[in-house]
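**Student:** Right, I'll just put the structure down here and ask away after.
The values are calculated or read from the model by the stated rules, or taken from the named source; none is laboratory data. Worth saying up front: this structure is predicted, and the values here are computed from it rather than measured. Virtual Cβ from ideal backbone geometry, glycine too; neighbours counted across all protein chains shown. The area values use the complete protein model at the heavy-atom level, side chains included, leaving out ligands, DNA and RNA. Shrake-Rupley method; radii C 1.70, N 1.55, O 1.52, S 1.80 Å.
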Amino acid sequence: VWSGAQPAVLHFAIGLMILGYAAIWQATRAFEGRPPRPMLMLVGPLAWLLAYVDGPLSGASLVGMPLFSYISAGYLALAVMEVWRSRGDTLPSLTPLAVAISVACASFAGRAIFDSTLGPGVQPTGNDLQIICLFVMVTLMALSAGGALALALSKERLQQMHDGKLQVDEATGALNLNAFLSHASRLTAGQMKDRRPVGLLLMHLGDGSARG
């Protein structure tokens, strides 16, 4: 595919792939309510298409693959940074998602470096093709795992929001009995795990003293 002249439709399809990786970055921003960056999202695909129309890719060859890999790795690196900014959250799937995207990013970077060593116009050998296939498989597996983790993360965030509403009194906005019991159970579990004593003090605040 990467040797000899490449059809325009292939370059357009690769531009759409780059746009997909940019969408992953934007999705990580949207998950935390951060504003979109549409212009930066389009920079990568446009750079790829311009390189094809009036650049080194217009003559085709393997020189195109490192560019595609570097741009894709850049967008995935931005996605990892967005996830890392949310590290203070307690969602269980957050760290595995960051790891999955990081693996895909590293695979793209490694693929770009490997393709750069081949040089333009060089036909990959059998061993080279095996290494390239390995990079592709690692990338696909990491992105597939990332997609599953993203779904789990969305479910965890919805559950977190639901639990938060249950622990707040609608009339006053103050924490209610559910919040107290939830916090007390976590503290008790931690104390029991460390085999330390647990004390509980209950205070009833009512109008009993005002009744003669």
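**Student:** Here is a list of conditions, (1) at pLDDT 90 or above; (2) over 29 Å from L158 (Cα atoms); (3) of a type outside the set (G, A, S), and Q6 meets all of them except one; can you say which number that is?
**Tutor:** Of (1) at pLDDT 90 or above; (2) over 29 Å from L158 (Cα atoms); (3) of a type outside the set (G, A, S), only one is false for Q6: (1).
**Student:** Also, I was wondering about something else. So, in segment 152-163, of the ones that are more than 11 Å from the chain's Cα centre (by Cα) and not polar (S, T, N, Q), which residue ends up most open to solvent (accessible area, probe 1.4 Å)?
**Tutor:** At the first step, the residues of segment 152-163 found to be more than 11 Å from the chain's Cα centre (by Cα) are 152, 154-163.
After this cut, where a residue has to be not polar (S, T, N, Q) as well, the list is 152, 155-158, 161-163.
Details: A152: 36, K155: 151, E156: 44, R157: 40, L158: 114, M161: 103, H162: 99, D163: 60 Å².
For segment 152-163, the residue satisfying everything is K155.
**Student:** Take segment 37-47 and flag every residue that is at pLDDT 90 or above and open to solvent by 20 Å² or more (accessible area, probe 1.4 Å). Full working, then the answer.
**Tutor:** So in segment 37-47, the residues at pLDDT 90 or above come out as 37-46.
Within segment 37-47, R37, P38, M39, L40, M41, L42, V43, L46 qualify.
**Student:** Sticking with this structure for a sec: Can you tell me which residue among L19, L50 is surrounded by fewer than 14 Cβ atoms within 10 Å (Cβ to Cβ) and assigned to a helix (DSSP H, G or I)?
**Tutor:** L50
**Student:** When only residues in segment 85-96 that are part of a helix (DSSP H, G or I) and open to solvent by 50 Å² or more (accessible area, probe 1.4 Å) count, which is farthest from S154 (Cα to Cα)?
**Tutor:** R85
**Student:** To continue, here is another question. Hey, any hits in segment 64-84 for a residue that's assigned to a loop (DSSP other than H, G, I, E, B), at pLDDT below 90 and more than 23 Å from V103 (Cβ to Cβ)?
**Tutor:** The answer is no; no qualifying residue exists.
**Student:** Exactly one of these conditions fails for T139: (1) part of a helix (DSSP H, G or I); (2) without any contact (Cβ under 8 Å) to a residue 24 or more places away in the chain. Give me its number.
**Tutor:** Tallying (1) part of a helix (DSSP H, G or I); (2) without any contact (Cβ under 8 Å) to a residue 24 or more places away in the chain, T139 fails exactly one: (2).
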